[in-house]
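**Student:** For reference, the structure I am asking about is given below.
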Amino acid sequence: MTGIPGIPPLADLVWARGYTDPAWARRHMTAARELVPSRCVRRASGTPTPLTAAPAGTLDGLALTGPNGQRLPLTELLARAETDALLVMHRGTLVHEQYLHGYEPHVPHFNASAAKSYLGLLAATLAHEGLLDRGARVTKYVPELAGTAFGEARVDDLLHMGTRMSYAGRPYDKALEAQRYFAVLAPQLRPYGYSGPATIREHLSTARSTGAAGVEFRYENGNVEALAEVLRRVTGTTTSALLSEMIWSRIGTEEDAYYLLDADGMEAASGGFGATARDLVRLGETLRCGGAAGGRQVVPEAVASTIVSGVPDGHPRRVRFPGAPASTPATLSYHDLWWIPNDPYGSFMASGIHGQRLFVSPGLDLVIVHYASQIVSPAVPAVPLVQAFLAIGTHLQG
């Protein structure tokens, strides 16, 4: 990926703009399907499950901790976060539903890396049903990945970001590899003269191990794409059809969701998923209720109840994030592609760049969906969304 000396490659320029320009990011969060081919994750054909709504007074004046520790009302916090939608469900009732910047309830919004957690649900369910062996080498299911960092890892290593690799002989750089991943997915993001991988499978084939798997945590899209290919081989179906069959058509959704596709027609499982906020809150409520929705068990209770409890002390997937000194205790854990804040309420979260969150807190009877086009820049302090969600939950608990 070469260019003019002193000038970043086109893909770097485009995605840097997405990090720092909320209007540009918002356009791509709500209209990604116009840039890349996509495939529907179909809902059931029947009547969707209604969402019971009963606003619990106004949350707008609730004082929350802002980016620099100052106290801000919710309205100001959402402005700082470039929020597009905020849905709050408490004890099964939708108590707050808000849309900003022209975003509409029926429009799917890009979930970015929050999509990883939904694939984790599918994998954990298939393992629970005995159809997937967590301890097996990935090559058992995808022989073509032999010799790659992902092929020699175990399925469980993929589920916990436990591989160490470099692509095409490059020194590993998380931010640059994320940009190159999108250049693989979207031809219009490739610089002039690009000759790298044109599909996700080709991209995975260039990964070589730089350390033993299962020892350290390193967040990398390739783990999830390799896992998605494992699930396709196990089930004989697409990621879109699998999510539809196992979850999306069974939780009373109102709209189809979608995945973006690469040139091979393979879903971008690590970050190419889009859905409405109202349907995502249904998924969160299903998990809060131990995997049950509409009087039936959708996700096995054993899977839903161990997202948090499945992380042992001292395990590499008990991670320090973001960039905490080695002397400080971990503030997050990671299990089956879900983030775990380690709060007193058994909360867990799907999280994506620019502020995409599905936050589930059984102890607070709380589900929150947050969609945003948040700036990602060292010059702009991150909005502490998790702290805000917990404050909302404790306020509603009274």
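**Student:** Averaged across orientations, what area in nm² does the convex hull of the alpha carbons in the stretch 169-247 project?
**Tutor:** With every direction weighted equally, the projected area is 6.9 nm².
**Student:** Per residue, how much accessible surface does the chain expose to a 1.4 Å probe? Answer in Å², no decimals.
**Tutor:** About 40 Å² of surface per residue is accessible.
**Student:** Here's something else I'd like to know. Which whole-number percent is the relative contact order of the chain (Cα, under 8 Å, 6+ apart)?
**Tutor:** Once divided by the residue count of the chain, the mean separation gives 26 percent.
**Student:** Antiparallel versus total DSSP beta bridges in the chain: what percent is that, nearest 5?
**Tutor:** Taking every DSSP beta bridge within the chain, about 100 percent pair in antiparallel fashion.
**Student:** For the stretch 44-152, compute the orientation-averaged projected area of the C-alpha convex hull (one quarter of its surface), in nm².
**Tutor:** It is 12.2 nm².
**Student:** Moving on. Taking the alpha carbon gyration tensor of the stretch 257-315, what are the square roots of 5 times its eigenvalues, largest first, to the nearest whole Å? Spell out each step's value before the answer.
**Tutor:** Values: eigenvalues 135, 72, 21 Å².
Each semi-axis is the square root of five times an eigenvalue, giving 26, 19, 10 Å.
**Student:** How high is the relative contact order of the stretch 93-197, in percent, counting Cα pairs under 8 Å that sit 6 or more residues apart?
**Tutor:** Relative contact order, the stretch 93-197: 12 percent.
**Student:** Also, I was wondering about something else. Under a 5 Å amide H to amide H cut-off, with H placed in plane at 1.01 Å, what residues pair with Leu94 once short-range neighbours are removed?
**Tutor:** Here Thr52, Ala53, Ala54 satisfy the definition.
**Student:** How big is the chain by Rg and Dmax over its Cα atoms, in Å?
**Tutor:** 20.1, 62
**Student:** Once phi is turned into ³J(HN,Hα) by the Karplus curve 6.51 cos²θ - 1.76 cosθ + 1.60 with θ = phi - 60°, what whole-Hz value does each residue of the stretch 67-81 show in order, with x for glycine and proline?
**Tutor:** Each residue's phi maps through the Karplus curve to give x, 10, x, 6, 8, 10, x, 3, 4, 6, 4, 5, 5, 5, 8 Hz.
**Student:** Moving on to the next point. In Å³ and rounded to a whole number, note down the convex hull volume per residue for the Cα atoms of the stretch 34-97.
**Tutor:** Numbers: hull volume 9.6 nm³, N = 64.
Expressed per residue, the convex hull around the Cα atoms of the stretch 34-97 is 150 Å³.
**Student:** Compute and list, largest first, the equivalent-ellipsoid semi-axes of the stretch 119-205 from the alpha carbon gyration tensor, each √(5λ) rounded to a whole angstrom.
**Tutor:** Largest first, the stretch 119-205 gives 28, 14, 12 Å.
The values are calculated or read from the model by the stated rules, or taken from the named source; none is laboratory data. What you are looking at is a predicted structure, and each value in this text was computed from that prediction instead of being measured. Side chains included, ligands, DNA and RNA excluded: accessible areas come from the protein's heavy atoms. Shrake-Rupley method; radii C 1.70, N 1.55, O 1.52, S 1.80 Å.
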